[in-house]
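Below: one structure, written as structure tokens.
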Amino acid sequence: MKQKKVMLLGNHAFVIYNFRKELIQKLLKDGYEVYLSMPYDDDKVPKMIKWGCKFIETNVDRRGTNPIKDLNLIKHYLQILKRHKPDIVLTYTIKPNLYGGIACSLLKIPYLTNITGLGSGFKEPNILKKMLVMLYKLGLKKSSKIFFQNTNDERILLTNGIVKSDYEVIPGSGVNLTEYTLKPLPSIDEIRFIFVGRIMKDKGIEEYLNAARIVKKNHDVKVRFDVVGFIESTEKGLINKINSYDEQGIINYLGYQANVKPFIEDVHCLIQPSHGGEGISNVLLEAGAMGRVLIASDIPGCKETIEVNKNGYTFEAKNYTDLAKKIDSFLLTSTSNSIQEMSKNSREKIKNQFNRSIVVKKYISAIKKHS
């Protein structure tokens, strides 16, 4: 029997490796030929090739809006799809979803779409939104199945008449519960918070910095605010603020870290102050699986991971004073027993609702049905 081919289209090798590896390994084990189309990196791509994957270098300008580059991406997808003739294609993130979907439609190749977040383009009723609606209609029109990560993205695409085919909400990318295990909490002699992510305005770094400044000023309790992540090149204005706050002791800037687990393990609470556009926030899933208290913006993609007062708190997006109030609430009720209880609740919620094996089973079922 002919070996079936599956091709994954992504915009970052790190993301595919971290969040799709269990699916890829399952496909390889089941005898599928797996092709990966994404930008090259020195770390994750060689590892996936060692598993048995075939790699196709594909440059995806994740944040760019140059129409010529985007047309070239469609052309590239058409070329590699014609060359390798996959039986089914899995697309992730905005540009692979849109342009990979268009290419698959033109060549009549079955494809599964994963809406990992709609980004900021859908927020305002402007020309960009109109263009996005048109592109989504083209990119998703012939998708065999669309996987949403939250009900808000599902509602937006349904309301805009974009989705008409088979679709389902899944628990984000899920989290590998054997890799992210419940970890002992540090001493409460110092209550520690952490921000993990790309350092850019849309991820809410300014709200985190401003809330840290307020809390540090108003509290006698010993408290620490860590920041882990690289500063996006488009956010140069943040470099001075980060360095200044670090020098003043308001935050503890730790730079980019390839492995964030030890840094999450070293805190009591993870704060995700994103402005929106998330599918389901992976860092919240990972921190919750490790038994950390969660504080996040009350937005789709974040709030699903939190039961208020049970395993964390939500605050109004973009409102740093509200974030500071929620941090206060946590600090004022923090005893060793209360944090332990919230820690246990976080782990249980993630284990019961966001196990990655749920996502892998959904994908395998869809691949078998449509390829």
Practice task
Within region 283-320, work out how many residues are under 15 Å from residue 205 (Cα atoms), touching a residue at least 24 places away in the same chain (Cβ under 8 Å) and open to solvent by 10 Å² or more (accessible area, probe 1.4 Å).
Solution key: 5
Handout entry: Criterion violated by residue 296 - all others in (1) assigned to a strand (DSSP E or B); (2) modelled with pLDDT under 95 satisfied
Key = (2)
Fill in the blank from the handout: Of (1) modelled with pLDDT under 95; (2) hydroxyl-bearing (Ser, Thr, Tyr); (3) open to solvent by 40 Å² or more (accessible area, probe 1.4 Å), residue 165 satisfies every one except (3)
Handout entry: Options 242, 280: the member that is touching a residue at least 40 places away in the same chain (Cβ under 8 Å) and either assigned to a strand (DSSP E or B) or over 28 Å from residue 308 (Cβ atoms) (or both)
Key = 242
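Considering only residues that are of a type outside the set (Lys, Arg), in contact (Cβ under 8 Å) with a residue 60 or more places away in the chain and open to solvent by 10 Å² or more (accessible area, probe 1.4 Å), which ones fall in region 255-277? Step through it out loud before you land on a result.
Looking only at region 255-277, we keep the residues that are of a type outside the set (Lys, Arg), and these are 255-260, 262-277.
From the residues that got through so far, the ones that are in contact (Cβ under 8 Å) with a residue 60 or more places away in the chain too are 258, 260, 263-277.
The answer is 258, 260, 263, 265, 266, 272, 275, 276, 277.
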Practice task
Assess whether residue 249 counts as being among the small types (Gly, Ala, Ser), open to solvent by less than 50 Å² (accessible area, probe 1.4 Å), at positive phi and in contact with a Gly (Cβ under 6 Å, 6 or more places away or on another chain).
Solution key: no
Exercise for the section: Have a look at 158, 185, 135, 128 and point out the one that is among the aliphatic types (A, V, I, L, M), surrounded by fewer than 17 Cβ atoms within 10 Å (Cβ to Cβ), over 16 Å from the mean Cα position of the chain (by Cα) and modelled with pLDDT of 90 or more. Expected result: 158
Exercise for the section: Select from region 202-232 the residues that are at pLDDT below 95 and assigned to a helix (DSSP H, G or I) and write down the one among them that is surrounded by the most Cβ atoms within 10 Å (Cβ to Cβ). Expected result: 203
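The values are calculated or read from the model by the stated rules, or taken from the named source; none is laboratory data. Every value quoted in this text rests on a predicted model; they were computed, and no experiment measured them. Cβ atoms come from the backbone with ideal geometry, glycine included; neighbour counts cover every protein chain shown. Keep in mind that these areas ignore ligands, DNA and RNA; they rest on the heavy atoms of the full protein, side chains included. Shrake-Rupley method; radii C 1.70, N 1.55, O 1.52, S 1.80 Å.
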